[in-house]
Amino acid sequence: IRSVAEAHPDALLKAWEGLGYYSRVRNLQRAAQMILERHGGRIPDDYSELRGLPGIGDYTAGAVLSIAYNLPVPAVDANVERVFSRLFDIDSPVKSIAASDFIRHMARELIPEGQAREFNQALMEFGALICSKNPRCELCPLAAHCQSKRLGIAKERPVPGKKVSYAALEIISGALIHNGKIFLQKRLESGVWAGFWEFPGGKLEEGESPEQGVTSEFAEETEFMVRPVSCLGTVRHGYTRYRIRMH
């Protein structure tokens, strides 16, 4: 905990490289610092104290308290939501307030005394391997108790939530190479991908060609007057609420 708390942020980002959701590693460091300052260097075993740390939500708190401390706290992930939606034939999206409250209540009530660690891990594993997106009902040890199987609608549970809509973005980015060196710049310390290194670029304006866009972005961000030489390619990437095409 101390090594994370005292590490240089760039070293942590490098260690985290490739895992995505980089705000998580920043929260991890802030949480480690708070654990040192407020909890004597020991991860709290109290739900409200643990929940008060940056980046700790209901699932993470439940996972830590049950797996690390064997406390009877539910750890409800997508696998567990799917299991309960089928077992109890929940006819509303699992993220709705009523369904979510019911699942958390049942997940807590069903924890065998003194076996929270094993139960929560087994439940998540069961959802991942047996009661998966394509349920393997023929192998299910709970088949005799499953309301959705009895009704023949296991594949219709969980009920889909609201469909996510994605925004399409056209992005340009330029690799400036000069005397064998490549120019990188650091993003601001606030906002999306704060403090990351990047090639200059940005959103392509309507009616603008990639060549025009990269020239204007370089002039605006760096005051360098550049001339596009060649296109290295086009990359398509999807994340969160966006679908990006980057030139």
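The values are calculated or read from the model by the stated rules, or taken from the named source; none is laboratory data. Computed from a predicted structure; not experimentally measured. Note: ideal-geometry Cβ built from the backbone for every residue, glycine included; neighbour counts use all protein chains shown. The accessibility values were calculated without ligands, DNA or RNA, using every heavy atom of the protein model including side chains. Shrake-Rupley method; radii C 1.70, N 1.55, O 1.52, S 1.80 Å.
Put simply, of Ala107, Ala128 the only residue that is in contact (Cβ under 8 Å) with a residue 12 or more places away in the chain, more than 17 Å from Asp58 (Cβ to Cβ) and open to solvent by less than 60 Å² (accessible area, probe 1.4 Å) is Ala128. The residue of segment 22-40 that is surrounded by the fewest Cβ atoms within 10 Å (Cβ to Cβ), among those that are charged (D, E, K, R) and within 14 Å of the chain's Cα centre (by Cα), is Arg24.
Scanning segment 212-247 for residues that are in a strand (DSSP E or B), open to solvent by 70 Å² or more (accessible area, probe 1.4 Å) and either touching a Phe, Trp or Tyr at 6+ places or on another chain (Cβ under 9 Å) or not aliphatic (A, V, I, L, M) (or both) yields Arg236, His237, Tyr242, Arg243, Arg245.
What residue, among those in segment 63-106 that are part of a helix (DSSP H, G or I) and among the acidic types (Asp, Glu), is nearest to Gly127 (Cα to Cα)? So, considering only residues that are part of a helix (DSSP H, G or I) and among the acidic types (Asp, Glu), the one nearest to Gly127 (Cα to Cα) is Glu81. Counting the residues of segment 1-17 that are outside any helix (DSSP H, G or I) and either closer than 19 Å to Glu49 by Cα or open to solvent by 70 Å² or more (accessible area, probe 1.4 Å) (or both) gives 3.
Taking segment 17-72 as the range and being at pLDDT 95 or above and among the aromatic types (Phe, Trp, Tyr) as the test, the residues that pass are Tyr47, Tyr59, Tyr69.
Look at (1) surrounded by fewer than 14 Cβ atoms within 10 Å (Cβ to Cβ); (2) not in a loop (DSSP other than H, G, I, E, B) and you find that Pro160 fails only one, number (2).
Among the acidic types (Asp, Glu), over 30 Å from Pro72 (Cβ atoms) and either assigned to a strand (DSSP E or B) or open to solvent by 30 Å² or more (accessible area, probe 1.4 Å) (or both) - does that describe any residue in segment 185-202? Checked against the condition, which is being among the acidic types (Asp, Glu), over 30 Å from Pro72 (Cβ atoms) and either assigned to a strand (DSSP E or B) or open to solvent by 30 Å² or more (accessible area, probe 1.4 Å) (or both), segment 185-202 yields at least one hit. For segment 163-184: of the residues being more than 30 Å from Ala11 (Cβ to Cβ) and open to solvent by less than 100 Å² (accessible area, probe 1.4 Å), which is farthest from the chain's Cα centre (by Cα)? Filtering first and then ranking leaves Ile172. Taking Pro44, is it more than 22 Å from the chain's Cα centre (by Cα) and crowded, with 16+ Cβ neighbours inside 10 Å? It is true that Pro44 is more than 22 Å from the chain's Cα centre (by Cα) and crowded, with 16+ Cβ neighbours inside 10 Å.
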